[in-house]
Amino acid sequence: MRIAVITYEARGSYSASSVADEDLVLEKILNELDLNFKFEIWSDKNVNWENYSLILLKSPWDYFDRYTEFLDWCRHIKDLGIPVYNSIDTVVWNSDKRYLKEIQEKGYPIVPTEFIEKSTLPDVESIFRLFNTENLVLKPTVSGGAKNTMKLSKATWNEKKESILSLIRKEDFMLQPYVKEVAEVGEYSYLFFNGKYSHAILKTAKSGDFRVQHFFWRKHQKYRAQRSSIAIPSKPSE
């Protein structure tokens, strides 16, 4: 078995300097398991993917800057029939935050969200009223690392309107009410493998910020979740 471990062109540019290099950690584990593997850049046109019997989709962290190209690559890998961990269909579904619509349609609660199509002029004032909030968060539907993610008040919307509209001309965005608990408490990440709970992490933002990506966070720490908080809800009726 030959494994391709997927990485990206500017490998390491999205790494956190405050923690161990996860590529090195994974490399050590795979070597200890005596597996035949190689780190491959997903966008490298010179890679012959048919040489691999398995693909481990680890960190294609520039996919959101090259989204059309990334989707084409995903289709190519799927057409080749090479097994991928995680499922290539799930990765594509999860790569655009419009998946929130589907989650909501299935009966699960989400943060209220207004989606803004590319080149569409949003009526932001009415969205403030709709969500009954003084602050909104604007973010692209396809993004990572808090790219072009910003907090807006009614005042800053008016100040930044032209620069924001220039961004919306390039890609789809979404607006959500600002959730102050993210800045005040943090964001909990629950990790599951094969449907089984493994562990949880609490990521906290720096003072005055709300972004918890590792570029901006104050710290991250293990979190001992209560059993009731990790139950997977039953599937709602169709």
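The values are calculated or read from the model by the stated rules, or taken from the named source; none is laboratory data. What you see is a predicted model; the values in this text were computed from it and never measured. Note: ideal-geometry Cβ built from the backbone for every residue, glycine included; neighbour counts use all protein chains shown. Ligands, DNA and RNA are excluded from the accessible area calculation, which covers all protein heavy atoms including side chains. Shrake-Rupley method; radii C 1.70, N 1.55, O 1.52, S 1.80 Å.
Odds and ends about this structure:
- With every protein chain in place, the range 1-154: carbon and sulfur % of accessible area (1.4 Å): 50
- On the basis of the beta-carbon distance and an R0 of 30 Å, Ala146 and Ser166 show a calculated FRET efficiency of 0.95.
- Converting the Cα gyration tensor eigenvalues of the range 114-198 into ellipsoid dimensions via √(5λ) gives semi-axes, longest first, of 27, 17, 11 Å.
- Value of D in µm² per second that Stokes-Einstein yields for the range 36-186, Kirkwood Rh from Cα pairs, at 10 °C (1.306 mPa s): 90
- Counting every alpha-carbon pair across the range 46-103, the share separated by more than 15 Å comes to 52%.
- Converting the Cα gyration tensor eigenvalues of the range 1-125 into ellipsoid dimensions via √(5λ) gives semi-axes, longest first, of 32, 18, 16 Å.
- R0 of 30 Å, Cβ-Cβ distance Asn46-Asp21: FRET efficiency to nearest 0.05: 0.75
- Solvent exposure of the range 18-112 amounts to 63 Å² per residue of accessible area, where only protein heavy atoms count and the probe is 1.4 Å.
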